[in-house]
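Undergrad: Below are the structure tokens for one structure; questions will follow.
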Amino acid sequence: MNADEQVFHEHRRLLFSVAYRVLGTAADAEDAVQDSWLKWSAADRSQVLDPKAYLTRIVANLALERLRSARHQRETYVGPWLPEPILTGGDASDAAVDAESVSMAMLVVLETLSPLERAVFVLKEVFGFSYAEIGEAVDRSEAAVRQVGHRAREHVRAQRPRFTADRSSRERATKRFFDAATGGDVNALLELLSPDVTLWTDGGGKVRQALLPVIGASTVAAWFAAIGTVTYQGVEPGDMKAELVELNGGPGIVFSAPDRVIATVTFDFGADGRIVAIHNVANPDKLRAVTARNVY
């Protein structure tokens with residue numbers, strides 16, 4: 001590996017982290033990182049004083065372009081559009097692995113921003129870039145990106161109050177949910193769910209899922225209690241495997257058939273520790289990173 005390859009390799013994790021938070025899909029983020037390598041390879045690197053900033057600027061622009069082109073596709077998506085889940089792990093103190101910023105709930109909120117707002121928010125609030133640096137990255141004045149950033153931050157705060165249950169509590173609740181769902185225990189599920197819990201299911205028209213949010217503890221509990229008793233996506237209950245994993249910076253569940261991953265489930269918790277939202281991704285196109293067991 002030559003010096004230029006080494007520099008890129010050192011920052012690759014950061015580049016994926018930026019691209020994934022801007023795009024919400026691992027596949028597109030990987031493509032953006034690969035494209036950034038091509039641009040880095042072709043650049044006059046002798047003029048680059050700060051490789052980290054330079055590479056971040058490249059990948060942010062590439063991700064922004066991809067997001068703009070993907071907007072129409074997402075607007076015509078069959079059923080709710082959810083981000084592509086990823087397996088996470090590693091050093092939680094690293095900004096590139098900030099658990100809240102990569103959570104499914106936060107990525108859903110980021111979907112409501114404009115592409116520029118999303119890019120500015122990610123670069124400023126997650127990765128700590130200055131408005132001057134962001135302005136260079138997205139080809140806007142510092143004053144313009146400051147205004148965009150303020151607007152994005154206020155929107156996110158309104159949609160996503162800064163509360164996150166501590167990790168051990170979330171892990172215990174997820175384990176209890178896992179045991180209750182795989183054991184068909186409706187009462188135990190009801191204890192864990194907020195009365196107005198919302199279940200979002202993403203099949204993308206590829207597999208059968210609810211096309212509208214499923215709302216209410218009793219309905220959601222019945223949905224998950226049936227897992228061990230009904231055939232799901234052609235898989236008999238006895239052939240289905242469920243495992244606890246870390247998804248998007250927090251505890252989650254992966255459901256698998258003998259030959260494929262069939263769904264992931266992640267949770268959002270309220271101030272009382274109960275589950276307020278569940279995100280269930282079953283679109284096979286969005287399960288490739290989990291299937292490949294790539295850990296980010």
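The values are calculated or read from the model by the stated rules, or taken from the named source; none is laboratory data. Keep in mind it's a predicted model, so treat the numbers as computed, not measured. As a convention, Cβ positions derive from the backbone with ideal geometry for all residues, glycine included, and neighbour counts pool all protein chains shown. The accessibility values were calculated without ligands, DNA or RNA, using every heavy atom of the protein model including side chains. Shrake-Rupley method; radii C 1.70, N 1.55, O 1.52, S 1.80 Å.
Quick grid of which residues meet (1) out of contact with any strand residue (DSSP E or B) (no Cβ under 6 Å at 6 or more places or on another chain); (2) within 18 Å of SER103 (Cβ to Cβ):
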residue: GLY249; (1), (2): yes, yes
residue: ILE253; (1), (2): no, yes
residue: SER256; (1), (2): no, no
residue: ILE262; (1), (2): no, no
residue: PHE267; (1), (2): no, yes
residue: GLY273; (1), (2): yes, yes
residue: ASN280; (1), (2): no, yes
residue: ALA292; (1), (2): yes, no
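Undergrad: Out of all the residues in segment 228-248, which are open to solvent by less than 70 Å² (accessible area, probe 1.4 Å) and closer than 19 Å to MET104 by Cβ?
TA: Listed by number, the residues that qualify are ALA242, GLU243, VAL245, GLU246, LEU247, ASN248.
Undergrad: Quick check on segment 48-80: of everything there that is in a loop (DSSP other than H, G, I, E, B) and hydrophobic (A, V, I, L, M, F, W, C), which residue is most open to solvent (accessible area, probe 1.4 Å)?
TA: LEU49
Undergrad: Now, a different point. Take the conditions closer than 30 Å to VAL261 by Cβ, of a type outside the set (Gly, Ala, Ser), open to solvent by 10 Å² or more (accessible area, probe 1.4 Å) and under 21 Å from the mean Cα position of the chain (by Cα) and apply them to ARG21. Does it pass? Reasoning before the result, please.
TA: Values: closer than 30 Å to VAL261 by Cβ: yes; of a type outside the set (Gly, Ala, Ser): yes; open to solvent by 10 Å² or more (accessible area, probe 1.4 Å): no; under 21 Å from the mean Cα position of the chain (by Cα): yes.
So ARG21 does not fit the description; no.
Undergrad: Another question, then. Out of ASP44, ASP31, I need the residue that is open to solvent by 30 Å² or more (accessible area, probe 1.4 Å), more than 18 Å from the chain's Cα centre (by Cα) and acidic (Asp, Glu). Which one? Break it down stepwise before answering.
TA: Numbers: ASP31 fails: more than 18 Å from the chain's Cα centre (by Cα).
Going through ASP44, ASP31 in turn, just one is open to solvent by 30 Å² or more (accessible area, probe 1.4 Å), more than 18 Å from the chain's Cα centre (by Cα) and acidic (Asp, Glu): ASP44.
Undergrad: Can you find a residue that is of a type in the set (Gly, Ala, Ser), modelled with pLDDT under 95 and under 14 Å from the mean Cα position of the chain (by Cα) anywhere in segment 247-269?
TA: yes
Undergrad: Mind checking which residues of segment 207-227 are open to solvent by 30 Å² or more (accessible area, probe 1.4 Å) and touching a Ser or Thr at 6+ places or on another chain (Cβ under 6 Å)?
TA: PRO213, ILE215
Undergrad: Among the residues of segment 158-180, write down those that are part of a helix (DSSP H, G or I) and either in contact (Cβ under 8 Å) with a residue 12 or more places away in the chain or within 18 Å of the chain's Cα centre (by Cα) (or both). Working first, answer last.
TA: So in segment 158-180, the residues part of a helix (DSSP H, G or I) come out as 158-159, 167-180.
Within segment 158-180, GLN159, ARG167, SER169, ARG170, GLU171, ALA173, THR174, LYS175, ARG176, PHE177, PHE178, ALA180 qualify.
Undergrad: Okay, next question. For the structure I just gave you, tell me whether LEU190 is open to solvent by 70 Å² or more (accessible area, probe 1.4 Å) and of a type in the set (A, V, I, L, M, F, W, C). Full working, then the answer.
TA: On the way: open to solvent by 70 Å² or more (accessible area, probe 1.4 Å): no; of a type in the set (A, V, I, L, M, F, W, C): yes.
Answer is no for this residue.
Undergrad: In segment 249-290, how many residues are surrounded by fewer than 23 Cβ atoms within 10 Å (Cβ to Cβ), under 23 Å from VAL230 (Cα atoms) and out of contact with any Leu (no Cβ under 9 Å at 6 or more places or on another chain)?
TA: Residues flagged as surrounded by fewer than 23 Cβ atoms within 10 Å (Cβ to Cβ), under 23 Å from VAL230 (Cα atoms) and out of contact with any Leu (no Cβ under 9 Å at 6 or more places or on another chain) within segment 249-290 amount to 7.
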